[in-house]
1. Just the residues that are among the hydrophobic types (A, V, I, L, M, F, W, C) and touching a residue at least 12 places away in the same chain (Cβ under 8 Å), please, taken from the range 11-36.
2. Based on what the data block shows, is Ile88 assigned to a loop (DSSP other than H, G, I, E, B), crowded, with 17+ Cβ neighbours inside 10 Å and either without any contact (Cβ under 8 Å) to a residue 60 or more places away in the chain or hydroxyl-bearing (Ser, Thr, Tyr) (or both)?
3. Answer with yes or no whether Ile230 is part of a helix (DSSP H, G or I), out of contact with any Lys or Arg (no Cβ under 8 Å at 6 or more places or on another chain), among the aliphatic types (A, V, I, L, M) and under 18 Å from Val96 (Cβ atoms).
4. Give the residues of the range 156-195 that are under 14 Å from the mean Cα position of the chain (by Cα), over 22 Å from Gly255 (Cα atoms) and in contact (Cβ under 8 Å) with a residue 60 or more places away in the chain, sorted by residue number.
5. What do you reckon, is Glu177 touching a helix residue (DSSP H, G or I) at 6+ places or on another chain (Cβ under 7 Å) and of a type outside the set (Ser, Thr, Tyr)?
6. Taking the range 233-251, which residues are among the aromatic types (Phe, Trp, Tyr) and part of a loop (DSSP other than H, G, I, E, B)?
7. Do we find a residue being small (Gly, Ala, Ser) and not in a strand (DSSP E or B) anywhere in the range 39-48?
Amino acid sequence: MTSHHITADQAAGPRGVIVTGGGTGIGRATARAFAEQGDRVLVVGRTPAALDATAEGHDGIRVLAADIAEPDAPDRVVDTALRAFGRIDVLINNAVAHGYRRLADTDRELLDEQWGTNLRAPVLLTRSALGALEAGGGTVVNVSSSGARGERAWPENGLYGAAKAALDFLTRTWAVELAPRGIQVVGIAPGVTDTRSGPRLGMTEQAYDGFLTQLADRTPAGRVGTPDEIAWWICQLTRPEARHATGVVLPVDGGLSLT
């Protein structure tokens with residue numbers, strides 16, 4: 001990985017931000033939110049056309065088509081960001097793999113796909129970025145899920161939920177481990193958010209809208225979330241004023257996880 005040191009002049013300039021899973025939904029909204037406040041953003045994802053759509057109209061966004069579960073991806077992502085921005089101030093582990101299946105139908109391929117993207121990739125990418133994050137007193141944001149919090153079950157989504165619960169544990173652990181290095185680690189746990197992911201996973205538009213309506217009816221706030229709302233909270237958690245909140249995992253789900 002490229003060696004890097006932050007100068008005093010750089011510390012006052014625009015931040016360098018990495019957003020994985022930046023081609024759609026929460027990742028796209030987050031990348032644009034950081035770019036709109038003057039930061040420079042590298043969006044990472046597997047679909048070049050989706051990444052280009054994220055970057056359209058935002059001069060501060062660069063794109064990198066990569067599968068973060070591949071062995072060379074962590075160093076490639078970090079090196080690309082350092083070449084583009086000269087620094088990494090914020091790393092947002094947002095990329096996700098879904099796969100609804102009960103235990104009896106789970107195979108090694110699904111396990112590797114789910115945990116490779118949802119758990120192993122954030123671990124290895126964060127490790128690769130440590131030097132750059134330490135140089136500038138950076139922040140890691142792990143995007144998990146409010147559905148994986150507490151003692152609730154999640155039939156047919158066990159691998160995903162288990163990976164997200166593990167990511168929350170890593171958030172707390174890394175916050176303690178990395179505090180002496182000046183690195184803040186926080187998590188955000190969105191509830192059901194209208195990212196239009198259902199059709200991409202094979203649902204019809206009608207079925208997906210019905211799913212959102214059903215969850216909205218169960219949510220105390222009376223609706224599901226939007227990607228822009230989650231992006232706003234991610235931006236707030238990376239502000240200098242928020243640094244004392246290291247180790248927190250913030251649910252943003254309209255109160256659904258409280259019921």
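The values are calculated or read from the model by the stated rules, or taken from the named source; none is laboratory data. Computed from a predicted structure; not experimentally measured. Positions of Cβ are backbone-derived with ideal geometry, glycine not excepted, and every protein chain shown enters the neighbour counts.
1. Of the range 11-36, the ones among the hydrophobic types (A, V, I, L, M, F, W, C) are 11-12, 17-19, 26, 29, 31, 33-35.
Once the filter is applied, which keeps residues that are among the hydrophobic types (A, V, I, L, M, F, W, C) and touching a residue at least 12 places away in the same chain (Cβ under 8 Å), the range 11-36 yields Ala11, Val17, Ile18, Val19, Ile26, Ala29, Ala31, Ala33, Phe34, Ala35.
2. Working: assigned to a loop (DSSP other than H, G, I, E, B): yes; crowded, with 17+ Cβ neighbours inside 10 Å: yes; either without any contact (Cβ under 8 Å) to a residue 60 or more places away in the chain or hydroxyl-bearing (Ser, Thr, Tyr) (or both): no.
It is false that Ile88 is assigned to a loop (DSSP other than H, G, I, E, B), crowded, with 17+ Cβ neighbours inside 10 Å and either without any contact (Cβ under 8 Å) to a residue 60 or more places away in the chain or hydroxyl-bearing (Ser, Thr, Tyr) (or both).
3. Working: part of a helix (DSSP H, G or I): yes; out of contact with any Lys or Arg (no Cβ under 8 Å at 6 or more places or on another chain): yes; among the aliphatic types (A, V, I, L, M): yes; under 18 Å from Val96 (Cβ atoms): yes.
When the stated conditions are applied, Ile230 passes them.
4. Val185
5. Details: touching a helix residue (DSSP H, G or I) at 6+ places or on another chain (Cβ under 7 Å): no; of a type outside the set (Ser, Thr, Tyr): yes.
Criteria not met by Glu177.
6. So in the range 233-251, the residues among the aromatic types (Phe, Trp, Tyr) come out as 233.
Scanning the range 233-251 gives no hits.
7. Restricting attention to the range 39-48, the residues satisfying the condition of being small (Gly, Ala, Ser) are 45.
Now drop any that are not not in a strand (DSSP E or B), which leaves none.
Within the range 39-48, not a single residue is small (Gly, Ala, Ser) and not in a strand (DSSP E or B).
This table checks each residue for (1) crowded, with 17+ Cβ neighbours inside 10 Å; (2) of a type in the set (S, T, N, Q).
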site	(1), (2)
Ala166	yes, no
Ala175	yes, no
Pro180	no, no
Ala189	yes, no
Glu205	no, no
Thr213	no, yes
Arg218	no, no
